[in-house]
Amino acid sequence: MLSFFLSRLVSLALSLIAASIVIFLVLEVVPGDPAQFMLGMNTSPDAVEALREQLGLNAPALQRYFTWAVGLLHGEFGTSYTYKVPVAELIGARLWVSLPLAIYALTLSTLIAFPVGILAAARRNSATDVTIMGATQLGVAIPNFWFAMLLVLAFSITLRWFSAGGFPGWDAGFFVGLKALTLPAIALALPQASILARVMRSSLLDTLNEDYIRSARAKGLTRRQTLWRHALRNALIPVLTIIGLQFSFLLAGAIIIENVFFLPGLGRLVFQGITQRDLIVVKSVVMLLVFAVILVTFIVDMTYALVDPRLRRQA
Amino acid sequence: MTLLVARKLSLAIGSFEILKDVDLSVDKGEILGVIGESGSGKSMTALSIMQLLPSSARASGSITLDGVELLNKPEAEMCGIRGKDVGMVFQEPMTALNPTRTIGDQVAETVMVHRRVGRPEAMRIARETLNRVELPEARFPLDRYPHELSGGQRQRVVIAMAIALRPRLLIADEPTTALDVTTQAQILKLLKRLVDEDGMGMIFITHDLAVVADLADRIGIMKLGEVVEAGPTLEVFRKTAHPYTRALFAASSHIPKRLPPPAVGASDVPVLAIENVVREYKLPRASLFGPPKAFRAVNDVSLVVNRGENVGLVGESGCGKSTLARAIMALEPTQSGAIRLDGEAIDTGASFAARRKMQVVFQDPYGSFNPRHRVDRLVSEPFHLLGNEAPSGAERDRRIAEALEHVGLKATDAEKYIHEFSGGQRQRIAIARALIINPALIILDEAVSALDVSIRAQILDLLAELSDRLKLSYLFISHDLHVVRAITDRVLVMKSGQIVESGPTEEVFRNPQHAYTRELLAATPNLETALAGRTGG
Amino acid sequence: MTDATLPAAPASRRDSLIWSALRSRNFVVGTIITLVFVLAALVSFVWTPYDATLQDIPNKLKGPSWAHWLGTDHFGRDVLSMIMVGARTSIAVALVAVGIGAAIGTPLGLAAAAKRGSLLDEIIMRANDLVFAFPALLIAILITAVFGPGAVNAIIAIGIFNIPVFARLSRGAALSLWQREFVMAARVSGKGAVRISAEHILPNILNTLVVQATIQFSLGILAEASLAYVGLGAQPPTPSWGKMLSDAQTMIGLAPHVALAPGLAIVLTVLGVNLMGDGLRDILDPQTRRSRA
């Protein structure tokens, strides 16, 4: 088990390094002159040169990469060009919106998807199953920002149960903050829940076809007992991967939703950074999001080993 | 009263009739052997007794267990019977157990489903049952996982799950078909002992006449959903009233007629010469700091096949025969030693000229062909080895037709797709493919193992005839001793990567020198011996 | 070799393929819906009810009527015409992006499977994992923002993320085929990895690839709509569904109908393609049939 853990850890480190190199190359080397890019076309060469000096862009690329990478390890994300404050501060503040939102959406998504997917598999080909499959087909097809607009139309404008956007801050109260995140979380959760329900159903049906299910029935277990005690646990394994992927997507995919609801989260931050050409902010947030994805993959791999005893011995 | 009686059992799935008026019965302490080839309905009969049929199945007739009607019993009551009164063992031990639960858990589950006992008591019974099936505590504690056990050991766990509550009836559906011959012998002995100890009835389903001749008190022979003959074992085998029984019997013990191999001249180059071949695989590191280990699949093997000779290579799974075969086919590298085909060296970089002396027939008639190609394209694939000399146009068609006719098919079959042919016909096409460039050596890698007994006899006849007529040499790789005995002149026995015995086939079989060869022969079920044993007792 | 299976399929493969296609409700419904939008897009090249860029301010924000079947937007433009023209962009972008993914990803996956365990395989797998680690939408936004918004850059941005999907899929499917005996037979006949990949592997994984292509296509439609929504898709005056939605958002209270049409267009197109894909899977890939509806 230890060697499995260590090998995955090494894999994680290598992925991070590779990702950081790619980010560095794409954002600092490919656009040609990052300073020129940041200032736009109509600036004087002197201004550009001044910025290059300020950002240390005249040093060789390899050196700049190492400075940046080492800085990352120390939590040094640089200073935002537009806001003139340390990026780490900006990220810290935004994280308090994006992370809870992602967790909220993931929780909703899982709470809906699991019972729905299991029910559909247990009642395969029945009217229930067909209805659920139809509903999930629809859910998968709905763009989350359009759904958000419809939610706002229904619950904010018409019913006035929720505000149409904005985030009052956690200082205003835990439930106040949660309420502000509810419509966004639902908008995010619906398509994800649809995907997850279908994956759950398909994984469960595959598992129910395995030979050991037949062995269980031959012992006298009812269909329901077989499903709960044998099929479900083994069917969860592929579902875990999807949940991991979904978490990463929610963190990064909320970029549009945060725009719709004017939430001061990471998505909004990086989007503004892109439109304002603040490469420092963009570099850091992208690196952070990639780190989150790689970390979640690592955690999912570890969970596999817990659930599936065959993975515990790697020799 | 008889333990289990099936009367006029008929089964239909959709518009297909699977079983027609099946009559079978088993008594307490009695073993009923049900024999049939694929499509005979034998497994469906077992599933009917357990009422584990697909939902689209419609059954009629009667199945009674100690007088109680099972057919169309409500599912809830059936659940009470399965595992407690009737146990079942299936064919594939590798997938019959849940990989994420311990063996103790899975055996104890049978107990907890039917009896109101706590977990400690259930585990105690599980331990006892695992001991009964010869999995002692020292090596097989209750917290072992299935992936830590071999096929034979897993099958023992499956048997334990089935008999934990000492059911009145045990149904075993081809329980040893997927196991090695030596393991099979052990499992059969175990089953017999359990039947004697518990006084339960057993229905043993198989396609192997020899196995059932030794094990069963009474047998029923099934063909296409019907029981064509039934009765006490000895009587059925001696009388063979039904033509199908006679055909089955003849096919099981069939030995094709063959000419003796040509004499080997002093200067003759052997068709295949293998000298001290070693094939090793590097294993992943067991621990982070230890040295990397290697596994020797083939350990210093030498063998020779002379022109016109048929040589057999026997061994159980994992002995290395398949690896050796792949090395001869130039598909895998060797770490040392030499392989020569008609004098030319063979390794993974071998030229077309060298490779064209050899072709292969594989085991699985359904996996041997690209489902998207027509037969003519499939059969002519080896022409690739002829490079620029490959025939085209009319000449190509002629050679394809010739190859198909050699194997008993028609030239017009070249235009069909492979899915239009049965298993036996596909193996013929595979042989045609192997013949088409007139190789000196054909490697037959378990080429008849996946075929029904009656088809197998026909294919062996074909192979023998081709070998005589076209002066082909075969390297016949198999785990099935009967088949090897029927078609080879010399045989080599392989175990753990090494050749432990070799010699003329008849001599090795009649007078085995090595302990392993003796073990193999003793474990192999033999129809005549079994029947002879019956008259005695 | 057990007989506990149902009897074999009908003899002729070609006939049964077409019949299965027509019998699959998913496939028929999905194809019809998809064709509606494809036709709308094609027809829009020769005719639309009104010029989609023609502004008619006095008639702005009118609801559906006989003159304007889907109403007008905040500039008085005919919504139906805009939907038809918008279909062009959405479908074209998604289609070409899938094409890029399949054309580049499939050979990579096949090569990795053919040389399993080698350095090439490692590199391709690692590169795949690396691309997967980057949040697709974010990077697509980044690319289109940095290199300029518009359909072409949207295609590239979305297409890049299709490549690892096809690479991983074709590698996985190819790996299991390399173990099959008919591939061994081809190797014994002296055929090399490239030839085998082309003659034996690719034709047998085509079905899986086609089904995946429909999935990626529908995802492409959603992605293009998202890009257009944040202003990074086809630029005005060319209409695009996503841009129509972002414009409609600001007046959702006043004129909800303007938000409905493009949204429904997206939903229906994606739904149609997904149903078509489900149907195709049932027809082409019956191995997976057991876990489908």
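The values are calculated or read from the model by the stated rules, or taken from the named source; none is laboratory data. Every value quoted in this text rests on a predicted model; they were computed, and no experiment measured them. Every residue, glycine as well, gets a Cβ built from its backbone with ideal geometry; the counts of neighbours run over all protein chains shown.
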Of all the residues that make up segment B:402-416, how many are touching a helix residue (DSSP H, G or I) at 6+ places or on another chain (Cβ under 8 Å), over 16 Å from B:LEU470 (Cβ atoms) and in a helix (DSSP H, G or I)?
4
Just the residues that are at the interface with chain A (Cβ under 10 Å from one of its Cβ atoms) and either within 16 Å of A:GLN225 (Cα to Cα) or in contact with a Ser or Thr (Cβ under 8 Å, 6 or more places away or on another chain) (or both), please, taken from segment B:101-111.
B:ARG101, B:ASP105, B:GLN106, B:VAL107, B:GLU109, B:THR110, B:VAL111
Does any residue of segment B:353-366 turn out to be outside any loop (DSSP other than H, G, I, E, B), of a type in the set (Gly, Ala, Ser) and at positive phi?
no
Find all pairs meeting these conditions: Cβ atoms under 9 angstrom apart; at least six residues apart or on different chains; first residue within segment B:86-98 and more than 8 Å from chain A (Cβ to nearest Cβ) and buried (at least 24 other Cβ atoms within 10 Å of the Cβ); second residue among the small types (Gly, Ala, Ser) and assigned to a strand (DSSP E or B).
B:VAL89/B:ALA172
In this structure, does B:LEU386 turn out to be in contact with an Asp or Glu (Cβ under 6 Å, 6 or more places away or on another chain), modelled with pLDDT of 90 or more and more than 8 Å from chain C (Cβ to nearest Cβ)?
no
Which is closer than 30 Å to B:ASP85 by Cα and either away from chain B (no Cβ under 14 Å) or among the small types (Gly, Ala, Ser) (or both), of A:GLY220, A:GLY117?
A:GLY220
Mind checking which residues of segment B:417-435 are touching a His at 6+ places or on another chain (Cβ under 9 Å) and facing chain C (nearest Cβ under 10 Å)?
B:TYR417, B:ILE418
Test for C:GLY253: is it surrounded by fewer than 22 Cβ atoms within 10 Å (Cβ to Cβ), within 14 Å of chain A (Cβ to nearest Cβ) and under 24 Å from A:PHE145 (Cα atoms)
yes
Where in segment B:451-534 are there strands (runs of 3 or more DSSP E), lying wholly inside it, with at least 2 residues that are in contact with a Phe, Trp or Tyr (Cβ under 7 Å, 6 or more places away or on another chain)?
B:490-495
When A:TRP228 is evaluated against the numbered criteria (1) within 13 Å of chain B (Cβ to nearest Cβ); (2) surrounded by 20 or more Cβ atoms within 10 Å (Cβ to Cβ); (3) in a helix (DSSP H, G or I), which criterion, by number, is the only one it fails?
(2)
Given (1) farther than 30 Å from B:LEU234 by Cβ; (2) touching a Lys or Arg at 6+ places or on another chain (Cβ under 7 Å), B:VAL500 misses just (2)
Within 14 Å of chain B (Cβ to nearest Cβ) and farther than 19 Å from A:GLY273 by Cβ: is that true of A:SER44 in this structure?
no
For segment B:125-136, does any single residue satisfy the condition of being surrounded by fewer than 18 Cβ atoms within 10 Å (Cβ to Cβ), within 12 Å of chain A (Cβ to nearest Cβ) and of a type outside the set (A, V, I, L, M, F, W, C)?
no
Can you tell me which of C:ILE160, C:ILE155 is within 24 Å of the chain's Cα centre (by Cα), outside any loop (DSSP other than H, G, I, E, B) and farther than 15 Å from C:PHE132 by Cα?
C:ILE155
Restricting segment A:257-303 to residues that are surrounded by 20 or more Cβ atoms within 10 Å (Cβ to Cβ) and of a type in the set (Phe, Trp, Tyr), the one nearest to the chain's Cα centre (by Cα) turns out to be A:PHE271
A:TRP146 passes all but one of (1) away from chain C (no Cβ under 14 Å); (2) assigned to a helix (DSSP H, G or I); (3) among the aromatic types (Phe, Trp, Tyr); which number fails?
(1)
Do you know which residues across segment A:120-140 are of a type in the set (A, V, I, L, M), within 9 Å of chain C (Cβ to nearest Cβ) and out of contact with any Pro (no Cβ under 8 Å at 6 or more places or on another chain)?
A:ALA120, A:ALA121, A:VAL130, A:MET133, A:LEU138
Give segment B:429-444 a look and list any residue that's surrounded by fewer than 24 Cβ atoms within 10 Å (Cβ to Cβ) and either over 21 Å from B:ALA401 (Cβ atoms) or free of Cβ contacts under 8 Å to residues at least 40 places away in the same chain (or both), or say none.
B:ASN438, B:ALA440, B:LEU441
Which count do you get for residues in segment B:426-450 that are part of a helix (DSSP H, G or I), under 27 Å from B:LEU248 (Cα atoms) and touching a strand residue (DSSP E or B) at 6+ places or on another chain (Cβ under 8 Å)?
3
Which numbered condition in (1) surrounded by fewer than 24 Cβ atoms within 10 Å (Cβ to Cβ); (2) farther than 22 Å from C:ILE143 by Cα; (3) β-branched (Val, Ile, Thr) is the only one that C:ILE201 fails?
(1)
Go through segment B:1-20 and count every residue that is touching a Leu at 6+ places or on another chain (Cβ under 7 Å) and either away from every other protein chain (no Cβ under 14 Å) or assigned to a loop (DSSP other than H, G, I, E, B) (or both).
5
C:ASN128 fails exactly one of (1) crowded, with 17+ Cβ neighbours inside 10 Å; (2) more than 23 Å from C:LEU222 (Cβ to Cβ), namely (2)
Within segment B:362-383, count every residue that is closer than 12 Å to B:ARG433 by Cα and within 14 Å of another protein chain (Cβ to nearest Cβ).
11
Looking at (1) farther than 18 Å from B:ILE443 by Cβ; (2) at pLDDT below 95, which is the only condition C:SER189 fails?
(1)
Could you figure out which of (1) under 30 Å from A:PHE174 (Cβ atoms); (2) of a type in the set (D, E, K, R); (3) in contact with a strand residue (DSSP E or B) (Cβ under 9 Å, 6 or more places away or on another chain) isn't true of A:GLU76?
(1)
Looking only at residues in segment B:57-84 that are within 9 Å of chain A (Cβ to nearest Cβ) and crowded, with 20+ Cβ neighbours inside 10 Å, which one is nearest to B:VAL107 (Cα to Cα)?
B:GLY83
How many residues does segment C:77-135 hold that are among the β-branched types (Val, Ile, Thr), more than 14 Å from chain A (Cβ to nearest Cβ) and over 23 Å from the mean Cα position of the chain (by Cα)?
1
Filter segment A:164-182 down to the residues that are more than 20 Å from A:SER109 (Cα to Cα) and either away from chain C (no Cβ under 14 Å) or under 23 Å from the mean Cα position of the chain (by Cα) (or both) and list them by number.
A:GLY165, A:GLY166, A:PHE167, A:PRO168, A:GLY169, A:TRP170, A:ASP171, A:ALA172, A:GLY173, A:PHE174, A:VAL176
